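> Supplied in structure tokens, the structure appears directly below.
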Amino acid sequence: MKDFTKTIISTLLLSVASVASAADRPSKAIAVLIPTQGQQASGTVLFTQTDKGVEVVADINGLKPGDHGFHIHEYGDCSAPDGTSAGEHFNPKDKHHASPQNNDRHAGDLGNIKADDKGKAHYTTLDKFISLKGTKNIIGRSVIVHADQDDLKTQPSGNAGARIACGVIGIATP
Ligand code: CU
Ligand code: ZN
């Protein structure tokens, strides 16, 4: 009887815990990128929370072949025709701009996406500096693609040029 009661209670606790974590922590987020004024770049960026960080999968098209700066910016506001309403790079820890491989950098520094000769870029990474909850939460912020390559060192944003696509990060279908 005692064991039976224990089993019931632990089963109940487990189901309560999984419902609670599903409710207060979305496991997936998405940004649908729309071209800024006069631009053609568009696509989607999917974010999936894992135990090791956030998996990022981007598929962008309408790009000039080559590297393009790719960042999470602080505000989820793509309303300005040139994308400047998205603010600067997401930087909750007050760091300098750097490469995604650098441990001392803006949380939003995802480096570059590389477009092929058809103007398509596919990018994947696993990032520990961002999250879908807490102080590193990126939901409600934005993803920006730039006209030029991020040189990964020039302050404050890698000299990546104009903002050619912008998308607000929202909660995705699980
Ligand atoms: Cu940027
Ligand atoms: Zn940066």
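The values are calculated or read from the model by the stated rules, or taken from the named source; none is laboratory data. Nothing here was measured: the structure is a model prediction, and the numbers come from that model. Here the Cβ positions follow ideal geometry from the backbone for every residue, glycine too, while neighbour counts run over all protein chains shown. Accessible surface areas use protein heavy atoms only, side chains included; no ligands, DNA or RNA. Shrake-Rupley method; radii C 1.70, N 1.55, O 1.52, S 1.80 Å.
> Give the accessible area for Leu152 in Å² (nearest 10); use a 1.4 Å probe, count only protein heavy atoms, and leave out ligands, DNA and RNA.
We get 60 Å² for Leu152.
> If you take every residue apart from Pro65 with its C-beta less than 12 Å away from the C-beta of Pro65, what net charge results, scoring Lys and Arg +1 and Asp and Glu -1?
Residues close to Pro65 contribute a combined charge of +1.
> Taking a virtual spin label 7 Å from the Cα of Lys93 along the C-beta vector, which residues in the range 33-67 bring their backbone nitrogen under 20 Å of it?
48-56
> Let me cross-check Val54: its accessible surface, 1.4 Å probe, with only protein heavy atoms counted, in Å² to the nearest 10?
Answer for Val54: close to 0 Å² accessible.
> Which order do you get for Lys114, Lys120 if you rank them by accessible area with a 1.4 Å probe, largest at the top? Present the calculation step by step, with values, prior to reporting the outcome.
Values: Lys114 140, Lys120 110 Å².
Putting Lys114, Lys120 in descending order of accessible area: Lys114, Lys120.
> Next question. For the chain, which whole-number percentage of the solvent-accessible area (1.4 Å probe, protein heavy atoms only) is attributable to carbon and sulfur atoms? Could the numbers behind the result be given before it?
Numbers: 5300 of 9610 Å².
Of the solvent-accessible surface of the chain, carbon and sulfur hold 55 percent.
> Considering only Ala31, Ala162, Ala80, give the residue with the highest GNM mean-square fluctuation for the chain, with springs between Cα atoms whenever their separation is below 10 Å.
Top of the fluctuation ranking is Ala80.
> Which one, Phe70, Cys166, Gly134, is farthest towards the positive end of the dipole of the range 26-171 when Lys and Arg carry +1 and Asp and Glu -1 on their Cβ?
Farthest towards the positive pole: Gly134.
> Kirkwood-based Rg over Rh for the chain (C-alpha set), two decimals?
Answer for the chain: 1.11.
> Less than 15 Å Cβ to Cβ from Asp82, Lys/Arg counted +1 and Asp/Glu -1: what total charge do the surrounding residues give?
Value of the local net charge: -2.
> Keeping all protein chains in position, work out how much accessible area Glu55 exposes to a 1.4 Å probe, and write it in Å² to the nearest 10.
Accessible area, nearest 10 Å²: 80 Å².
> Asp150: net charge of surrounding residues, Cβ under 10 Å, Lys/Arg +1, Asp/Glu -1, itself excluded?
Numbers: positive: Lys153; negative: Asp67, Asp109, Asp148, Asp151.
Here the charged neighbours net out to -3.
> At what distance in angstrom do the alpha carbon centres of the range 113-141 and the range 81-107 lie from each other?
12
> If the elastic network links every pair of Cα atoms under 10 Å, which of Gly134, Gly69, Gly108 fluctuates the most in the Gaussian network model of the chain?
Judging by the Gaussian network model, the answer is Gly134.
> Under a 1.4 angstrom probe, counting protein chains only, how are Cys78, Cys166 ranked by accessible area, largest first?
Working: Cys78 45, Cys166 5 Å².
Per-residue accessible area, sorted high to low, gives Cys78, Cys166.
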